[in-house]
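To keep things clear, I will list the structure first and then write my remarks on it.
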Amino acid sequence: DSIPTDETPIAPPAGDGRRFDVFLSHNSVDKPIVERIAEKLKRARLEPWLDAWSLVPGTDWQRGLADGLAASRSCAVFVGPADLGAWANQEVAVALDRAAKDSEFRVFLVLLPGLPERFDAANLLPFLRMRTWVDYRRGLDDERAFRNLLRAVKGLPLGPEVPLEPSVD
């Protein structure tokens with residue numbers, strides 16, 4: 001389990017008492033890619049909420065989604081070539097509602113490989129268009145994108161594109 005720091009707000013526990021660093025909202029066609037990213041987040045000692053890992057077969061999955069969002073400190077909205085999909089749109093609506101009421105809860109986009117280089121946010125929900133994003137369009141092995149994802153989940157600024165050289169006085 002990840003241990004919150006003093007600057008880390010604590011999300012309410014899910015129905016089973018667990019807390020999550022980030023809820024991973026995605027179109028089901030993007031599940032294999034999102035699951036690979038979730039595995040990297042786990043290796044980085046963050047706790048992602050992913051439906052395939054967290055929902056219990058035979059239970060009310062819609063309630064499970066709502067509990068997962070409520071127990072998460074942030075929501076990553078994955079946008080792939082097939083757009084969000086009906087259920088991801090519903091998750092995003094709940095996440096944006098929470099973000100409007102809880103300034104500590106962050107919603108951000110993650111652009112997946114296969115999206116055009118000139119990404120047009122106009123096709124997104126109006127309140128989602130205004131969110132910043134992490135750009136994985138160069139591929140899942142893009143270390144810069146992963147560092148940016150870690151920073152987004154932790155609520156930290158992305159920093160410069162190219163690491164700054166130490167100044168020599």
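The values are calculated or read from the model by the stated rules, or taken from the named source; none is laboratory data. Since we're looking at a predicted model, the values are computed, not measured. Backbone-built Cβ (ideal geometry, glycine too); neighbour counts: all protein chains shown. Ligands, DNA and RNA are stripped out before the accessible areas are found, and what is left, the full protein with its side chains, is counted by its heavy atoms. Shrake-Rupley method; radii C 1.70, N 1.55, O 1.52, S 1.80 Å.
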**OP:** Search the stretch 68-81 for residues that are free of Cβ contacts under 8 Å to residues at least 40 places away in the same chain and pair each with any residue that is open to solvent by 10 Å² or more (accessible area, probe 1.4 Å) and of a type in the set (A, V, I, L, M, F, W, C) when their beta-carbon atoms are under 7 Å apart and the residues are at least 6 apart or on different chains.
**Re:** Pro81/Leu115
Original post:
Can you tell me how many residues in the stretch 124-142 are closer than 23 Å to Phe20 by Cα and modelled with pLDDT of 85 or more?
Top reply: 4
**OP:** Within the stretch 81-94, identify whether any single residue is of a type in the set (S, T, N, Q), over 28 Å from Asp141 (Cβ atoms) and surrounded by fewer than 16 Cβ atoms within 10 Å (Cβ to Cβ), and answer yes or no.
**Re:** yes
Original post:
Within the stretch 99-106, is even one residue open to solvent by less than 10 Å² (accessible area, probe 1.4 Å), at pLDDT 85 or above, hydroxyl-bearing (Ser, Thr, Tyr) and closer than 22 Å to Val153 by Cβ?
Top reply: no
Original post:
Name the residues in the stretch 17-39 that are open to solvent by less than 40 Å² (accessible area, probe 1.4 Å) and in contact (Cβ under 8 Å) with a residue 24 or more places away in the chain, would you?
Top reply: Phe20, Asp21, Val22, Phe23, Leu24, Ser25, His26, Asn27, Asp30, Val34, Ile37
